[in-house]
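Please read the structure below before turning to the comments.
The values are calculated or read from the model by the stated rules, or taken from the named source; none is laboratory data. From a predicted model like this one, the values you see are computed outputs, not experimental measurements. Here Cβ is always computed from backbone atoms with ideal geometry, including for glycine, and neighbour counts include all displayed protein chains. For accessibility, only protein heavy atoms count, side chains too; no ligands or nucleic acids. Shrake-Rupley method; radii C 1.70, N 1.55, O 1.52, S 1.80 Å.
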Amino acid sequence: MSVSHDRIAAMDDRLDRLVNLDIGARGVEYLYDAARALQGSSLTGAAADALLGVPQGGKVIVTTGSVSRAWISPAVGENDGPSGAAAIVRALVLARTATCVVLAEESLLAPIGAVMVSAGLSPVSFDAARTASSDASLATVVMQAYPTEDRTAIAAASRMLDDFSPDLLFSTERVGRNDKGIYHNMRGRDYGMGRARVDYLFDKALRRGLPVVAVGDGGNEIGMGKVAKAVRTHIPFGNHCSCGCGGGLGAMTGADVLVTAACSNWGCTAIAAAMAARAGDARLLHTPQAEERLLEAMVQNALVNSTHGIIDPNVDGIARDSHLAVAELCQSIVKAAL
Ligand SMILES: [Zn+2]
């Protein structure tokens, strides 16, 4: 079914409002207002338009994954990010037979890859993914490590963009450095150790004029450079961190489209719903059933609820059932278009 542009725009606005309801009381509504003013339209809708603008058989670089307790071990990842990224990769594969290369630290490739599998994606090599894309015979994902040192990460950026020639780059819940080069958590602590410097790749992509879509919830993620002033003004440690670097926790890397959300996974759920509405294709939805499966996969793969520092299916300290409910509500909002 195809519905009018106005009705799609109204759905986009509802999706924006739903996922920016600041359940965690972290100040995301201020970030939303700033991003929305710059975008001039729904953030969710703009992201869906950009993702569906990827050509059939196109290539997308995706990043997510946050080393949650870097000072303890680079193998401890958080459970906000991977399931949202998996929902977006799945939608891109179904809508565009896209080849998606997911970048993260080597230490987190296994758990994030397992979440991709739970979303229905087969992890394969880049060449195998291109074969699968050419005849739409298999939903695939390519998992690849990105360097954790500044110098090698900067060098890898040009090489990777040359090798993959992506049509778009997508980031969700991926921490970026501040203007002093430090990666901060939401308590303003430096937790850059063992962290993949994927933000350098996104900076390079933006300089080359490639489309970049980014999702974030706190202010320290790739994309938030776009609303740096709002992060400094409204987010705890946004102006002064606690690590002594002299900056705040705000990431310096921007985006063409920044989607804010109370929980980054929700932003991805909303984008998938907006894509489904545009395509008139219910397969693109991230359903409550899928969310339940992915939350369980993240527990099984030891990804932590970073707010409480424990492995459970509550993401960003928000109870498990709320995440299923958001998926349900996103589905309800776009139902008339499916
Ligand atoms: Zn600092």
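Between the amide H of S122 and those of A139, T140, V141, distances stay under 5 Å, these residues lying 5 or more places away or on another chain, with hydrogens modeled in the peptide plane. Under the criterion of Cα pairs below 8 Å and six or more residues apart, the relative contact order for segment 277-326 equals 31 percent. Spatially, segment 1-55 and segment 302-338 are offset by 18 Å when compared through their Cα centroids.
For the chain, the antiparallel share of DSSP beta bridges with both residues in that region comes to about 15%. Pair-distance distribution of segment 88-149: all C-alpha pairs, bin width 5 Å, starting at 0; shares per bin in whole percent are 4, 21, 29, 24, 13, 6, 2, 0.
Database remark: amide H of E221 closer than 5 angstrom to the amide H of G176, A251 (H placed geometrically; neighbours at sequence offset of 5 or more, or on other chains; Pro and chain starts carry no H). Among the trypsin sites (Lys or Arg not before Pro) found in segment 154-208, those both in a DSSP coil and sparsely packed, with 15 or fewer other Cβ atoms within 10 Å of their Cβ, are K180, R187, R208. Taking each pair of distinct Cα atoms in segment 25-84 once, what is the resulting Kirkwood hydrodynamic radius in Å? So the Kirkwood estimate lands at 14.6 Å.
A cut-off of 5 Å between modelled amide H atoms, ignoring neighbours fewer than 5 places along the same chain, links S171 with T63, V213, A214, V215. Relative contact order of segment 21-118, taken over Cα pairs closer than 8 Å and 6 or more residues apart, is 28 percent. Taking a quarter of the surface of the Cα convex hull of segment 56-121 gives a mean projected area of 3.9 nm². Remark: segment 126-278 carries 35 Å² of accessible area per residue (probe radius 1.4 Å; ligands, DNA and RNA excluded). Taken over the Cα atoms of the chain, the convex hull encloses 110 Å³ per residue.
Couplings 3J(HN,Hα) of segment 75-80, computed from phi: 8, 8, x, 9, 9, 9 Hz, in residue order, whole Hz [Karplus 6.51 cos²θ - 1.76 cosθ + 1.60, θ = phi - 60°; x for Gly and Pro]. Going by the alpha-carbon gyration tensor, a ≥ b ≥ c the square roots of its eigenvalues, is segment 127-233 rounded (a/c under 1.5) or, if a/c is not under 1.5, prolate (a/b greater than b/c) versus oblate? The shape class here is prolate.
Averaging the sequence gap over all C-alpha pairs within less than 8 Å and six or more residues apart, then dividing by the number of residues, gives the chain a relative contact order of 24 percent. Helical content alone sets the calculated 222 nm signal of the chain at -13500 deg cm²/dmol, taking -39,500 (n - 2.57) per DSSP H segment of four or more residues and averaging over every residue. Each Lys or Arg adds one and each Asp or Glu subtracts one; over the other residues with Cβ under 13 Å from the Cβ of V198, this totals -3. For segment 214-338, the square roots of the Cα gyration tensor eigenvalues, ordered a ≥ b ≥ c, give a/c of at least 1.5 with a/b no greater than b/c, which places it in the oblate category. Here's the picture: charge each Lys and Arg Cβ at +1 and each Asp and Glu Cβ at -1 in the chain, and of A337, T97, M298 the one pushed furthest to the positive end of that dipole is T97. Of the solvent-accessible surface of the chain, computed with a 1.4 Å probe and all protein chains present, 52% belongs to carbon and sulfur.
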